[in-house]
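Presented below is the structure to which this report refers.
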Amino acid sequence: MEADAMAPPAPARAPAARVRGQPVTELPKDLYIPPDALEVFLEAFEGPLDLLLYLIRRQNLDILDIPIAEVTRQYIEYINLMKELRLELAAEYLVMAAMLAEIKSRMLLPRPAAGEDEEEDPRAELVRRLQEYERYKAAAQELDQLPRVARDLFPASAFVPDRSVVRRPPEVSLDELLTALRDVLARAELFSSHQVQREALSVRERMSEVLSRLNGEQFVEFTSLFKPEEGRLGLVVTFLAVLELLKESLIKLVQAEPFAAIYVKAAADG
């Protein structure tokens, strides 16, 4: 009893798996693993010709002088291995196996005697197909090595915002506008020419105007006969018209006292 009490404790079992972070040390009793759960895939070939070319190149054999018996044996072994691993076999693989078997049997037949029509080598058609397939495969590999978008090349793109600058015309104040106008007027004066011409003012017409303003016995102030807006020339013409009317005794000038206002009156008919 004492010896059993001194025995070391049994080591803890390592977890067989972890489910959602929790260790699982014992497998469920009702766990069933189907026999086809695990599959082993051999090196994939694109067809029977690809497999034959692989078998020939792996052993450095001459494609123009294929040892058909050895290649056929290796090909059949690969087919049997695929059957054991329950891999689906395409019909073209089985057709190629039959073709190899036929070529092998024809190779075993005795050759015709010399002088007779020699039969074509049974391997000739197979060699032609292998050479053609090898050329296409090499061309496909060269094309595959070319840079490809999304595999070797990745186009880069970036959003570039619109950075066009809109230049607005500067605001012009009224003072600047008037300054520019003043400069334009100053330059225009350099090219302006002053023309002097005589105004068409008639003393005879002005005499008629003065008489028309004097109605009967009413007195009109002398200064009211002149129009300052006509300028100096207009005032002189009006004064000459008054003198001519006095000369012809058509009007009268009346002054009450020295330095008093002068009045004009039309002369009586007489």
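The values are calculated or read from the model by the stated rules, or taken from the named source; none is laboratory data. It should be emphasised that the depicted structure is a prediction, and the values quoted were computed from it without experimental measurement. As a convention, Cβ positions derive from the backbone with ideal geometry for all residues, glycine included, and neighbour counts pool all protein chains shown.
Which residues, taken from segment 55-76, are farther than 14 Å from LEU126 by Cβ and either within 58 Å of the chain's Cα centre (by Cα) or hydrophobic (A, V, I, L, M, F, W, C) (or both)? Those that are farther than 14 Å from LEU126 by Cβ and either within 58 Å of the chain's Cα centre (by Cα) or hydrophobic (A, V, I, L, M, F, W, C) (or both): ARG57, ARG58, GLN59, ASN60, ILE76. May I ask you to list the residues in segment 242-270 that are charged (D, E, K, R) and either in a helix (DSSP H, G or I) or loosely packed, with under 15 Cβ neighbours inside 10 Å (or both)? Scanning segment 242-270 gives GLU244, LYS247, GLU248, GLU257, ASP269. What number of residues in segment 61-82 are farther than 18 Å from GLY47 by Cα and outside any helix (DSSP H, G or I)? The total comes to 6. Might you check whether a residue that is in contact with an Asp or Glu (Cβ under 9 Å, 6 or more places away or on another chain), more than 14 Å from GLY47 (Cβ to Cβ) and modelled with pLDDT under 80 occurs anywhere in segment 86-106? So far as segment 86-106 goes, yes, one or more of its residues are in contact with an Asp or Glu (Cβ under 9 Å, 6 or more places away or on another chain), more than 14 Å from GLY47 (Cβ to Cβ) and modelled with pLDDT under 80. May I ask you to verify whether PHE222 is modelled with pLDDT of 85 or more, of a type in the set (A, V, I, L, M, F, W, C) and surrounded by 10 or more Cβ atoms within 10 Å (Cβ to Cβ)? So PHE222 does not fit the description; no.
Yes/no per residue for (1) in contact with a Lys or Arg (Cβ under 7 Å, 6 or more places away or on another chain); (2) modelled with pLDDT of 80 or more; (3) of a type in the set (Gly, Ala, Ser); (4) outside any loop (DSSP other than H, G, I, E, B):
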| site | (1), (2), (3), (4) |
| --- | --- |
| THR179 | no, no, no, yes |
| ARG198 | no, no, no, no |
| GLU209 | no, yes, no, yes |
| LEU233 | no, yes, no, yes |
| VAL237 | yes, yes, no, yes |
| LEU240 | no, yes, no, yes |
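The single residue among GLU120, GLU132 that is under 26 Å from LEU55 (Cβ atoms), among the charged types (D, E, K, R) and at pLDDT below 80 turns out to be GLU120.
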